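Trainee: Below is one structure. I have some questions about it.
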Amino acid sequence: MTVTFDGTADWHAASLPQAQPLDEVNRQWLEHTHPSDWTNPTPDGRYNLVVIGGGTAGLVSAAGAAGLGARVALVERDLLGGDCLNVGCVPSKALIRAARAVADVRDAGTFGVQVPAGVTVDFPQVMARMRELRGAISPHDSAERFRGLGVDVYLGEARFTSPTTVEVDGRTLTFARACIATGARASAPPIPGLADAGYLTNETVFSLTALPRRLAVIGAGPIGCELAQAFARFGSGVHLFEAMHGVLPNEDPEAAEVVRATMERDGIRVMCCGQNLQVERGSDGKRLRVDSHGTHYDVEVDAILVSAGRAPNVHGLGLEAAGVAFDRTGVTVNDFLQTSASHIYAAGDIASRFKFTHAADALARIVIQNALFFGRKRASALTIPWCTYTDPEVAHVGLYPKDAEAQGVALDTYTIEQAKGDRALLDGETEGFLKIHARKGTDTILGATLVARHAGEMISEITLAMQAGVGLGTLAATIHPYPTQAEIFKKAGDAYSRTRLTPRVKGLFETLLRWRR
Ligand SMILES: Cc1cc2nc3c(=O)[nH]c(=O)nc-3n(C[C@H](O)[C@H](O)[C@H](O)COP(=O)(O)OP(=O)(O)OC[C@H]3O[C@@H](n4cnc5c(N)ncnc54)[C@H](O)[C@@H]3O)c2cc1C
């Protein structure tokens, strides 16, 4: 089944270290994202904007600037589409959808639907579906499409050679403005023996052609939890190792607890507060030793997936030559996304703590306005939601109580359990809750966490409310179709409205109603 690349181009090997099957689907995907016969343009004069990195931030800034009439160059060293299309959101969500199908079949009995015994997961077929869908999405990010948009697309490694020049493939591009959009990549913690034993990251896990019978996932952040649950549902015996206190350690603790409980029901062995983690080659695979809550565990697996942090792609970029400051978190930018060289901007994972595709998109739009049209748009003005696509999903926007406390902002929190909603009951999706945090004594929404099967689809109602300055009172007055899980927002609005009914107001109402009898 496995067909290796013929090695005609280094980038092929670099992009697909696990040697994916080079079937027609993969061939088309690669022809869109890094065409093998691509000829780089010859630079002709100064560009308004040179964009380094062809992930979401780079593609959006290049397309937007070209659409507004700018002369734009876009440089990508590997695959256009960046992490999201190739080794991130797109392949992971395709696998998660297949894993949900497994869970639905597994749980069908609770709906009175009897599924014959012996239903199995065809992992190669699951991966083939993922590749096909990734290929189907790839034309949108393709070199050909961007050339058609008027962008000069260069395939190769970009490096600043001065504050106004970038070198790629032996060519020198001169620019008035530049945007650094080089993203981040998986970084492995310094765990003794890990490098020697070998491990997967998001750059290689989607190239697997066989399901690991036993899988260790190191890191229980969003990526680790999403993939641990998917692989457990496919049938891997999954151990999830986390050095901190629990899964999704940056999330609302009660939300994280719901996810942990579901993952354990999926058969995942969660080992939190892990200390002294060590890896070595075992007799029959890879052996991990860890101390967790006073117990020493010794686990043998076939594969290890590391999802324990991201490192910015700053090396080899020549940032010093351009006078662009950076540190271990990435390129340093001000609120207008200008680097220390004020005509050079940065957007996306390289320059933001919000490492999401939609954040990269929003930041790139700020770069276009500020870099080319004298804009003064601020990154801090964005309302950025996010979602972890476990089952159930955890979506969040705005402040957490811990943030509010740090800022000295007092909150009223309205919590509604999913189980209180008729639709959630009918769907058998009662796990989870909505927490809305409002400025104390007002209906102004400052943040929300939603745990629900489709929380990612639902959170936008709150994001819109926050963006538009719409309060809980308006949510209460908004008619939601019955029965929908989104009624949970109206219930939160109603909970707020009830707090307006003080004894004094109630007394006035009673007097009025007595008079009108
Ligand atoms: C497994 C996984 C799942 C994810 N799921 C989601 C999700 O569901 N939703 C979500 O919002 N986000 C998700 N993310 C995060 C999302 O993928 C990133 O936030 C997004 O891709 C960031 O876009 P970017 O343009 O900043 O960087 P990238 O996508 O990393 O693109 C940067 C590009 O720059 C190129 N580059 C780097 N250096 C150079 C150079 N010197 N010269 C030329 N090119 C260079 C790289 O090759 C790369 O293509 C996920 C990430 C992972 C890993």
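The values are calculated or read from the model by the stated rules, or taken from the named source; none is laboratory data. Keep in mind that this is a model prediction, so the values were computed, not measured. Methodologically, a virtual Cβ is constructed for each residue, glycine included, from the backbone with ideal geometry; neighbour enumeration extends over all protein chains shown. Quick note on the areas: whole protein, heavy atoms, side chains included, nothing else; ligands and nucleic acids left out. Shrake-Rupley method; radii C 1.70, N 1.55, O 1.52, S 1.80 Å.
Trainee: For an R0 of 51 angstrom, estimate the FRET efficiency from the Cβ-Cβ distance between His293 and Arg516 and round to the nearest 0.05.
Mentor: E(calc), rounded to 0.05, equals 0.20.
Trainee: Distance cut-off 22 Å, Cα to Cα: go down the list Lys355/Lys420; Lys377/Lys440; Lys93/Lys355; Lys435/Lys491; Lys93/Lys435 and report the pairs above it.
Mentor: Details: Lys355/Lys420 33 Å; Lys377/Lys440 29 Å; Lys93/Lys355 16 Å; Lys435/Lys491 11 Å; Lys93/Lys435 25 Å.
Checking Cα-Cα distances, Lys355/Lys420; Lys377/Lys440; Lys93/Lys435 exceed 22 Å.
Trainee: Here's something else I'd like to know. Test of the criteria: in the stretch 87-136, which trypsin sites (Lys or Arg not before Pro) are in a DSSP loop and have at most 16 other Cβ atoms within 10 angstrom of their Cβ? If you can, show how the numbers build up before the last one.
Mentor: Details: sites: Lys93, Arg97, Arg100, Arg106, Arg129, Arg131, Arg134; in loops: none.
Passing both the DSSP loop test and the Cβ count: no residue.
Trainee: What FRET efficiency do you get for Thr499 and Glu144 if R0 is 60 Å and r is their Cβ-Cβ distance, rounded to the nearest 0.05?
Mentor: So the FRET efficiency works out to roughly 0.55.
Trainee: Keeping the other protein chains in place, figure out the carbon and sulfur percent of the accessible area of the chain, with a 1.4 Å probe.
Mentor: Summing carbon and sulfur atoms, their accessible area is 53 percent of the total for the chain.
Trainee: Once you treat every alpha carbon in the stretch 364-420 as an equal point and sum by Debye, what is log10 I(q)/I(0) at q = 0.17, 0.18 Å⁻¹?
Mentor: -0.83, -0.87
Trainee: Something else about it: Out of the stretch 319-366, which trypsin sites (Lys or Arg not before Pro) are coil in DSSP terms and have no more than 13 other C-beta atoms within 10 Å?
Mentor: Arg328, Arg353
Trainee: Divide by every residue of the chain the summed helix terms, -39500 (n - 2.57) for each DSSP H run of at least 4, and state the resulting mean residue ellipticity at 222 nm, rounded to the nearest 500 deg cm²/dmol.
Mentor: That comes out to -10000 deg cm²/dmol.
Trainee: At a probe radius of 1.4 Å, what is the per-residue accessible area of Val75, in Å² to the nearest 10?
Mentor: Approximately 0 Å² for this residue.
Trainee: Suppose we look only past 27 Å in the calculated P(r) of the stretch 153-280. What percent of the Cα-Cα pairs does that tail hold?
Mentor: 39 percent
Trainee: Sticking with this one: Answer rounded, prolate or oblate for the chain, using the Cα gyration tensor with square roots of eigenvalues a ≥ b ≥ c: rounded when a/c is under 1.5, else prolate when a/b is larger than b/c, else oblate.
Mentor: oblate
Trainee: Next question. Do any trypsin sites (Lys or Arg not before Pro) in the stretch 142-218 lie in a loop, going by DSSP, with at most 13 other beta-carbon atoms within 10 Å of their beta carbon, and if so which?
Mentor: Loop-located and lightly packed - Arg213.
Trainee: Now for a separate question. Just the accessible area per residue of the stretch 200-345, please: how many Å² with a 1.4 Å probe? List each step's numbers first, then the result.
Mentor: Working: 5830 Å² over 146 residues.
In whole numbers, the stretch 200-345 has 40 Å² accessible per residue.
Trainee: Moving on to the next point. Once you sort the root eigenvalues of the Cα gyration tensor of the stretch 300-422 as a ≥ b ≥ c, which label holds: rounded (a/c under 1.5), prolate (a/b larger than b/c) or oblate (the other case)?
Mentor: It comes out oblate by the Cα gyration axes.
Trainee: Using only the Cα atoms of the stretch 265-307, build the gyration tensor, take square roots of its eigenvalues as a ≥ b ≥ c, and label the shape rounded, prolate or oblate: rounded if a/c is under 1.5, else prolate if a/b is larger than b/c, else oblate.
Mentor: oblate
Trainee: State, as an integer percentage, the relative contact order of the chain based on alpha-carbon contacts under 8 Å between residues 6 or more apart.
Mentor: 13 percent
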